[in-house]
Amino acid sequence: MSELENPHYHRKVGYAMIMVAASLAAIGLIHITIGENVLFADEIQREKTAAFEECKTNDFVGDECQKYFKAGNTLEEIPRLNPDGTMDEDIMEITEESESVAESANETVAIAVGSGTPGCEETNECYIPYSLNITTGTGVTWENVDSAAHTVTSGTPENGPNGNFDSSIIMAGATFDHEFSAAGEEPYFCIVHPWMTGIVVIE
Ligand SMILES: [Cu+2]
């Protein structure tokens with residue numbers, strides 16, 4: 001009896017076809033379930049680029065555009081080669097302009113790396129700079145460059161929050177903005193780590 005005449009051979013072919021059909025169905029299912037999500041990250045990137053372009057058109061006016069001034073976080077700061085291998089000179093010029101606008105509109109305080117462990121208070125380096133001098137109407141951005149969560153809460157660890165401003169928890173890598181409209185001194189601290197203190201002096 002040749003193999004083709006063997007009834008078990010036909011059964012094998014049947015099984016093989018079922019396997020092929022099942023594989024196709026599985027591929028179809030995978031496409032339906034994650035096919036959209038494959039494009040999800042791309043979608044986010046596209047939205048961010050669109051947001052950046054919009055900020056650029058409006059000369060970076062507005063709170064939502066401030067984030068593009070961060071060092072290393074600006075598309076403009078990335079030197080890009082043109083297809084012919086040359087580099088655009090005016091991209092560099094725009095970068096310099098943007099940075100000077102950012103400096104006059106906003107001050108930045110870093111929430112220091114490792115400030116979640118006591119010790120930074122000995123050299124007043126939990127918030128850097130510890131003391132920030134600004135004029136009224138200046139916005140201040142606290143950047144949590146630490147890996148722990150912190151707060152920027154007006155008041156003192158001794159007397160507690162005074163209610164003037166409170167960031168609530170700022171996660172690692174996140175920021176908090178506050179604009180100071182009245183002259184005076186605003187001491188602040190971290191509710192999670194009460195050894196962390198800083199002060200804003202508004203003139
Ligand atoms: Cu803290």
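Where a number appears in this text, it was derived from the coordinates with a stated rule and is not lab data. All of these numbers come straight from a predicted model, not from anything done at the bench. Please note: Cβ atoms are built from the backbone with ideal geometry, for glycine as well, and neighbour counts cover all protein chains shown.
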Sparsely packed chymotrypsin sites (Phe, Trp or Tyr not before Pro) within the stretch 110-186, loop by DSSP, other Cβ within 10 Å at most 13: none
Estimated inter-spin distance, Leu24 and Thr156, nm [label 7 Å along Cα→Cβ]: 7.8 nm
Relative contact order (%) - criterion: Cα under 8 Å, at least six apart; region: the stretch 106-202: 34 percent
Sequence-distant residues sharing a close amide H with Thr197 (under 5 Å, placed H): Cys126, Tyr127
Pair Ala183, Arg11: separation of 7 Å Cα→Cβ label points (nm): 9.7 nm
Modelled FRET efficiency - R0 30 Å, Glu53 with Asn133, Cβ distances, 0.05 increments: 0.30
Estimated FRET transfer efficiency when R0 is 25 angstrom, pair Asn164-Glu143 (beta carbons, to 0.05): 0.80
J(HN,Hα) series, the stretch 14-28, from Karplus relation 6.51 cos²θ - 1.76 cosθ + 1.60, nearest Hz, glycine and proline x: x, 4, 4, 5, 4, 4, 4, 4, 5, 4, 4, 4, 4, 4, x
For Glu107, residues with placed amide H under 5 Å, excluding near neighbours: Gly139, Val140, Thr141
